[in-house]
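The values are calculated or read from the model by the stated rules, or taken from the named source; none is laboratory data. Quick caveat, the model's predicted, so the values are computed rather than measured. Here the Cβ positions follow ideal geometry from the backbone for every residue, glycine too, while neighbour counts run over all protein chains shown. For accessibility, only protein heavy atoms count, side chains too; no ligands or nucleic acids. Shrake-Rupley method; radii C 1.70, N 1.55, O 1.52, S 1.80 Å.
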Amino acid sequence: MNINENYRNLQDSYLFALVAKKVNEYKARNPGKEIISLGIGDVTLPLAPAVITAMRSAVEEMGNAATFRGYGDYQGYPFLREAVCGYYGKKGVFLDDVEVFIGDGAKSDLGNILDIFSPDNTVLIPDPVYPVYVDTNIMAGRSITYMRGNAENEFLPLPDSNIKADIIYLCSPNNPTGAVYDKRRLKLWVDYALEHDAVILFDSAYEAFVRDKDLPTSIYQIAGAKRCAIEFCSLSKTAGFTGVRCGYTVIPHELTRSGSPLNTLWLRRQTTKFNGVSYIVQRGAEAAFSAEGYMQIKESVDYYMENARLIADALSALGIWFVGGDNSPYIWLCCPGGMSSWEYFDALLSRANVVGTPGVGFGASGEGFFRLTAFGDRLDVKMALDRIGGIR
Ligand code: PLP
């Protein structure tokens, strides 16, 4: 019996564990000091009332023989797929509801989608980035080429015609950098993918945070993208579903490779390995897309984005270079005074009692950078910003 040897190539995911260890040690040495975290990547506001009402009534249905439901449609209930199509329609993207797959969040689908691709495919992944793309490909034994984000390219790497890739990951708005591709730059990727027969895996988990009307919130707003891209989205950050679990993946009919529609392959994969998201959760998700629910979830997004604006304004006033914060809940700053990511972490913790996330934890190109998030409480954010000012 042999294990999957590729697992030996994974690096320990020590980032958040090390952050927690350092914070706990500091607290133990300095009892009574109040630590504020601007490192939280999870939402903090409660679910919208419309979502709660819908889930309550779905619970009632499940408790009644006449309305009880067992296994649902593998791809998600039509009512939710249609609600997702309606949401896309408002962005000018027109989908057939069988192009939409309801899942339990973007992370599962981003990892599982690799089932439908050959292990021989070459993969292009931005650095720094959400670590799931890297680890899931290492588990599958694929060779990875990294595309470096830096201040010059505003952490938005562009295609290099000398590099041949079959699978390309793009995350926009990006975690951790908060950088967002504009239509011109995204078109360069779509053109590259079409030319090289590559598939773009487009993670739009933070699309709801985009404020600028000219920025794309779906890759399908770019001509030709339906022939080369799969889009992953989630209600986690949009509607506070990190603990409820619901997301959706779009695979357009036009997207075929080696003569096979990828939609058909994914459906086959899902019908074999996935039994769907609970009815109760899908009713809650449907409510998030209703007019009333959407207004309510937008209020939470607006709250986080006001936090982001406060952070961005404070950094600008301090003359600290950063990206993000205007169209995303993440702010990615260059550590002042040439400090490394962990040096700045230690300085903020010990001198300001503020916690953030060292950029190097998201990839080698993150060294010297630092991630702040806007998911905290407003008063905490203001207090933290007052304290950060002194650390240079
Ligand atoms: N994609 C990105 C870029 C994320 O940052 C996250 C979560 O933090 C996810 C996907 C996963 O989200 P979900 O909760 O839908 O699995």
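Of note:
- Identity of the residue in region 237-253, outside any loop (DSSP other than H, G, I, E, B) and either over 22 Å from Gly376 (Cβ atoms) or hydroxyl-bearing (Ser, Thr, Tyr) (or both), that ends up farthest from the ligand (Cβ to nearest atom): Val250
- Here is the figure for region 97-114: residues that are away from the ligand (no atom under 16 Å from the Cβ) and either crowded, with 17+ Cβ neighbours inside 10 Å or among the hydroxyl-bearing types (Ser, Thr, Tyr) (or both) total 1.
- Residue count for region 349-392, restricted to those that are out of contact with any Pro (no Cβ under 8 Å at 6 or more places or on another chain) and over 19 Å from Val323 (Cβ atoms): 19
- For region 183-199, the condition of being within 24 Å of Phe375 (Cα to Cα), part of a loop (DSSP other than H, G, I, E, B) and either of a type outside the set (Asp, Glu) or in the same structural domain as Leu95 (by TED's automatic domain parsing) (or both) holds for none of the residues.
- Tallying residues that are within 25 Å of Val129 (Cα to Cα), open to solvent by 40 Å² or more (accessible area, probe 1.4 Å) and not in a loop (DSSP other than H, G, I, E, B) within region 1-40 yields 12.
- Qualifying residue in region 282-294 (condition: in a helix (DSSP H, G or I) and within 19 Å of the chain's Cα centre (by Cα)): yes
- Selection within region 272-289 - open to solvent by 20 Å² or more (accessible area, probe 1.4 Å) and either within 23 Å of Ser328 (Cα to Cα) or not assigned by TED's automatic domain parsing to the domain that holds Phe101 (or both): Phe289
- Screening Thr44 on (1) over 30 Å from Thr264 (Cα atoms); (2) away from the ligand (no atom under 16 Å from the Cβ); (3) open to solvent by 40 Å² or more (accessible area, probe 1.4 Å) shows it passes everything except condition (2).
- Some residue of region 264-271 being on the phi > 0 side of the Ramachandran plot and either assigned by TED's automatic domain parsing to the domain that holds Thr238 or open to solvent by less than 30 Å² (accessible area, probe 1.4 Å) (or both): no
- Note on region 353-390: residues that are at pLDDT 95 or above, part of a helix (DSSP H, G or I) and open to solvent by less than 10 Å² (accessible area, probe 1.4 Å) total 4.
- Some residue of region 115-136 being open to solvent by 40 Å² or more (accessible area, probe 1.4 Å) and more than 26 Å from Asn4 (Cβ to Cβ): no
- Selection of region 223-235 for residues being open to solvent by less than 10 Å² (accessible area, probe 1.4 Å) and either of a type in the set (Val, Ile, Thr) or not in a loop (DSSP other than H, G, I, E, B) (or both) yields Ala225, Ala229, Ile230, Glu231, Phe232, Cys233, Ser234.
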